[in-house]
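Below is one structure; the comments refer to it alone.
The values are calculated or read from the model by the stated rules, or taken from the named source; none is laboratory data. Since the structure is predicted, the reported quantities are computational estimates derived from the model, not experimental observations. Positions of Cβ are generated from backbone atoms using ideal geometry, with glycine treated the same way; all protein chains shown enter the neighbour counts.
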Amino acid sequence: MKIIVAIKQVPLRDSPLRVSSAGLWIDEDALSFEINEPDAYALEEALRLKEKNGGEVIVLCAGPERAAQTIREALAKGADRAIHIETGDLNSLDTLGIAKILAEAVRSENPDLILTGLQSDDLGSGQTGVVMAELLGVPHSTIIMQVEVDGARIKVKRELEDGWFQHIGMPLPAVLTIQSGSNKLRYATLMGIKKARTKEIRRVTPADLGGAPAPVAGITKVYAPQKQKQAQIFEGDAKTAAAQLVEKLKFEVRVI
């Protein structure tokens, strides 16, 4: 069974975030980076499927040269090889553009299963995996908690609202987006780190995959929310003031 796991390198969650001088993204010069946490759960699910059913796990990552560190981490945890789409202009692409270059990299591999995290920690659009499935013309399912292989099909457990779950069967190949917390994440062993140094990382560029598509949506401005302080005195007796407060909370603040 050949499984491709799409991962993304994102800033550490506790990193101090400052808007860049251009105002189009955050200043990345002083940041540290890590694997996107939902993608780490997708990798863990792929490794567990490989241990149960055999096969190969391939890591797919689009990003600048520094993303190689995150790729090596995935290889150290047990992935067999990797594809690195080297691009330093990832922030200029929208979800559709990113999904297109990922889908083109996937086509030549002809995998049985493609896994991604439910969403990214930086943008959180939650759309890349679904758009990839549409571009590849394969079935997809989201918010997956568990995957079982059943011959040429899979059985998946989806998380719904209010503690409900949905169990469905799907044909292969397919694309799944994995929910965080679905499994306990493993650490890279010392032997795994040593083996990762010799594992294959195939490097390609968007030009090798047909060129980066023009974005149809983009970020026009990134800025910190303005802080405002405001106080309002309600006139009248306690009953009148309480009624005015409830009205404000219900129709203006909309918290009740």
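Some notes on this structure:
- Among residues of the stretch 191-207 being of a type outside the set (Val, Ile, Thr) and closer than 19 Å to Glu51 by Cα, the one that is surrounded by the fewest Cβ atoms within 10 Å (Cβ to Cβ) is Met191.
- Of all residues in the stretch 102-134 being in a helix (DSSP H, G or I) and more than 30 Å from Ile26 (Cα to Cα), the one that is modelled with the highest pLDDT: Glu134
- Residue count for the stretch 88-99, restricted to those that are touching a helix residue (DSSP H, G or I) at 6+ places or on another chain (Cβ under 8 Å) and surrounded by fewer than 21 Cβ atoms within 10 Å (Cβ to Cβ): 3.
- Test: Thr116 is crowded, with 19+ Cβ neighbours inside 10 Å, touching a strand residue (DSSP E or B) at 6+ places or on another chain (Cβ under 8 Å), hydroxyl-bearing (Ser, Thr, Tyr) and more than 30 Å from Lys195 (Cβ to Cβ): no
- Exactly one residue out of Gly181, Gly169, Gly151 is surrounded by fewer than 17 Cβ atoms within 10 Å (Cβ to Cβ), under 19 Å from the mean Cα position of the chain (by Cα) and of a type in the set (Gly, Ala, Ser), and it is Gly181.
- Hits in the stretch 210-253 - residues which are closer than 23 Å to Ile101 by Cβ and hydroxyl-bearing (Ser, Thr, Tyr): Thr220
- Being under 23 Å from the mean Cα position of the chain (by Cα), closer than 17 Å to Asp112 by Cβ, outside any strand (DSSP E or B) and not aliphatic (A, V, I, L, M) is a condition met by at least one residue of the stretch 137-144.
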